[in-house]
1. Tell me, what is the FRET efficiency for residue 83 and residue 229 to the nearest 0.05, using R0 = 35 angstrom and their Cβ-Cβ distance as r?
2. Which order results if 123, 86, 170 are arranged by neighbouring Cβ count within 10 Å, fewest first?
3. Ranked highest first by the average count of other Cβ atoms within 10 Å around their residues, in what order do 72-81, 206-215 fall?
4. Quick check on the range 50-89: take the gyration tensor over C-alpha atoms, sort the square-rooted eigenvalues as a ≥ b ≥ c, and tell me if it's rounded (a/c under 1.5), prolate or oblate.
5. Mind giving me the nanometre distance, one decimal, between the label points for residue 32 and residue 6, set 7 Å out from Cα along Cα→Cβ?
6. Suppose R0 equals 35 Å. What FRET efficiency, 1/(1 + (r/R0)^6) with r the Cβ-Cβ distance, do residue 168 and residue 68 give to the nearest 0.05?
7. By count of other Cβ within 10 Å, fewest leading, how are 63, 89, 68 ordered?
8. I'd like to compare 39-47, 159-167: which one has the highest average count of other Cβ atoms within 10 Å, and what's the full order after that?
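A short reminder: the numbers here are calculations on the coordinates, not readings from a lab. On a predicted model such as this, the values are computed, not experimentally measured, just so you know. Glycine also receives a Cβ, built like all others from the backbone with ideal geometry; neighbour counts cover every protein chain displayed.
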């Protein structure tokens, strides 16, 4: 097997294992976990907004150049990503109210959106890692490290969102890992379709950004707003800003 492909498979598999970061919370008592769930939701909301505006969109713009037509296409893809998740959530809500049974009825629709958007994002990460290793192993390793640092806070937040949305802790971990495995599929796809991927993956970035912005603004931020408790609102807002700050710090550290 080609050594480059082995590097890609190993790196993307390690990235997928980060989905188990949420396992750290399994050691917490149920009462304590319930107290920090909205903290994790706040962190996830900030990480999604930061990931969209500080990573995905700038990367797409830099890759396509600053031509007006290219930027227009990027923002059209962003709008498409936003609208597609709006439609998808409406369908999930309809199915949820008309066809759910037992435990499924306790799961909030945005939990499924988190899994889908995270899967798309992991697939894109796999594409990016593959493209980096094809260029140079050293670049590939640096990219893998950057992706890993980006994924850890987001996966912690996503786990909290899934549990808050109705998933059991075990089920949240399993589905988070399944979503993470799409990084491997993205890596393999990127290796075998390198020429095609180079031209088209840049439009997947703003599409994923639109997914992130929709979930954060439509589903997560409303969950952390407390009209009756200003103190909690302030704490959750600060954690939300911390999520953005982490994404900004990663951007600065790994700036070219």
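1. My answer for the efficiency is 0.55.
2. Values: 123 24, 86 13, 170 10.
Placing the least packed residue first, the sequence is 170, 86, 123.
3. 206-215, 72-81
4. Values: a/c = 4.01, a/b = 1.58, b/c = 2.53.
Because a/c hits 1.5 or more and a/b fails to exceed b/c, the range 50-89 counts as oblate.
5. 4.3 nm
6. 0.10
7. Values: 63 15, 89 20, 68 7.
By the 10 Å Cβ count, ascending: 68, 63, 89.
8. Top of the packing list down: 39-47, 159-167.
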